Amino acid sequence: DQQVKQNSPSLSVQEGRISILNCDYTNSMFDYFLWYKKYPAEGPTFLISISSIKDKNEDGRFTVFLNKSAKHLSLHIVPSQPGDSAVYFCAASAIGNTGNQFYFGTGTSLTVIP
Amino acid sequence: NAGVMQNPRHLVRRRGQEARLRCSPMKGHSHVYWYRQLPEEGLKFMVYLQKENIIDESGMPKERFSAEFPKEGPSILRIQQVVRGDSAAYFCATSGQNLYEQYFGPGTRLTVT
């Protein structure tokens, strides 16, 4: 049962243009959402997050948008750079009595073409 | 990833052997989460531990898998009698008081031959 879905396994974008990565979730109890970036042979690295009380969070070139009614979030990277080429995972969580496990999507592999 | 250590980075085991994966949290972190990434899939939660306690093991297979986080030393994920389907990348993540901030280690890639 995949509660967090990333339907695009890969995305190619020209350097300098905008990259938009999408993520959908099914559990309305999720209250915190994160994007992680992962290079081969490394662990995921935190990129940006958003609480369910917001609909937008911006950090430099990275902006995350949350649409709670559609259960959808997206990550915008602008301008895209070759160093952004990596696999991006969307994750969601809901802190409860048993901790805060993250539910991850299957990832989108972003390639930024110089 | 800085600070969360996992070893070994690569582990090869024959079917039927035992695999032991270690995770040393960042300094000051007492919460450990183990995740598994199968080929072509995302990371899947396995178990959440605090010092000397298993809090949530709902993602752990019922047999052959166990985890511990002793008072002293690293957290250990143990897989007994490994099978080919156990081949995957195993990541641990740790957090301090802020459970929203989980820092991942570099992972252990287990290959079962």
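Every read-out reported here was derived from the displayed coordinates using simple, explicitly stated rules and does not represent laboratory data. What you see is a predicted model; the values in this text were computed from it and never measured. FYI the Cβ positions are ideal-geometry reconstructions off the backbone, even for glycines, and counts take in every protein chain you see.
Observations on the model:
- Strands (runs of 3 or more DSSP E) enclosed by segment B:26-100 - at least 1 residues per element that are touching a helix residue (DSSP H, G or I) at 6+ places or on another chain (Cβ under 8 Å) and more than 15 Å from B:GLN6 (Cβ to Cβ): none
- Looking only at segment B:67-113, and only at residues there that are among the aromatic types (Phe, Trp, Tyr) and surrounded by 16 or more Cβ atoms within 10 Å (Cβ to Cβ), the one that is farthest from the other protein chains (Cβ to nearest Cβ): B:PHE69
- Residue pairs whose Cβ atoms lie under 9 Å apart, sitting 6 or more positions apart in sequence or on different chains, and linking a residue in segment B:51-64 that is within 15 Å of B:GLN81 (Cα to Cα) to a partner that is aliphatic (A, V, I, L, M) and surrounded by fewer than 13 Cβ atoms within 10 Å (Cβ to Cβ), are B:ARG64/B:VAL83.
- Figure legend. Inter-residue proximity from segment B:8-27: first residues hydroxyl-bearing (Ser, Thr, Tyr), second residues part of a strand (DSSP E or B), beta-carbon distance below 7 Å, spacing 6+ or different chains. Indicated pairs: B:SER24/B:MET5.
- Residue list for segment A:73-99, restricted to those being polar (S, T, N, Q), free of Cβ contacts under 8 Å to residues at least 24 places away in the same chain and either under 18 Å from A:LYS56 (Cα atoms) or at the interface with chain B (Cβ under 8 Å from one of its Cβ atoms) (or both): A:THR98
A quick yes/no check of all residues on (1) out of contact with any Pro (no Cβ under 8 Å at 6 or more places or on another chain); (2) more than 12 Å from chain B (Cβ to nearest Cβ):
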site	(1), (2)
A:GLN2	yes, no
A:GLN14	yes, yes
A:ARG17	no, yes
A:ASN22	yes, yes
A:ASN27	yes, yes
A:TYR32	yes, no
A:ALA41	no, no
A:PRO44	yes, no
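- On inspection, A:PHE46 qualifies as within 27 Å of B:THR108 (Cα to Cα) and surrounded by 15 or more Cβ atoms within 10 Å (Cβ to Cβ).
- When the criteria are applied in full, A:ASN22 fails the requirement of being over 30 Å from B:THR108 (Cα atoms) and surrounded by fewer than 19 Cβ atoms within 10 Å (Cβ to Cβ).
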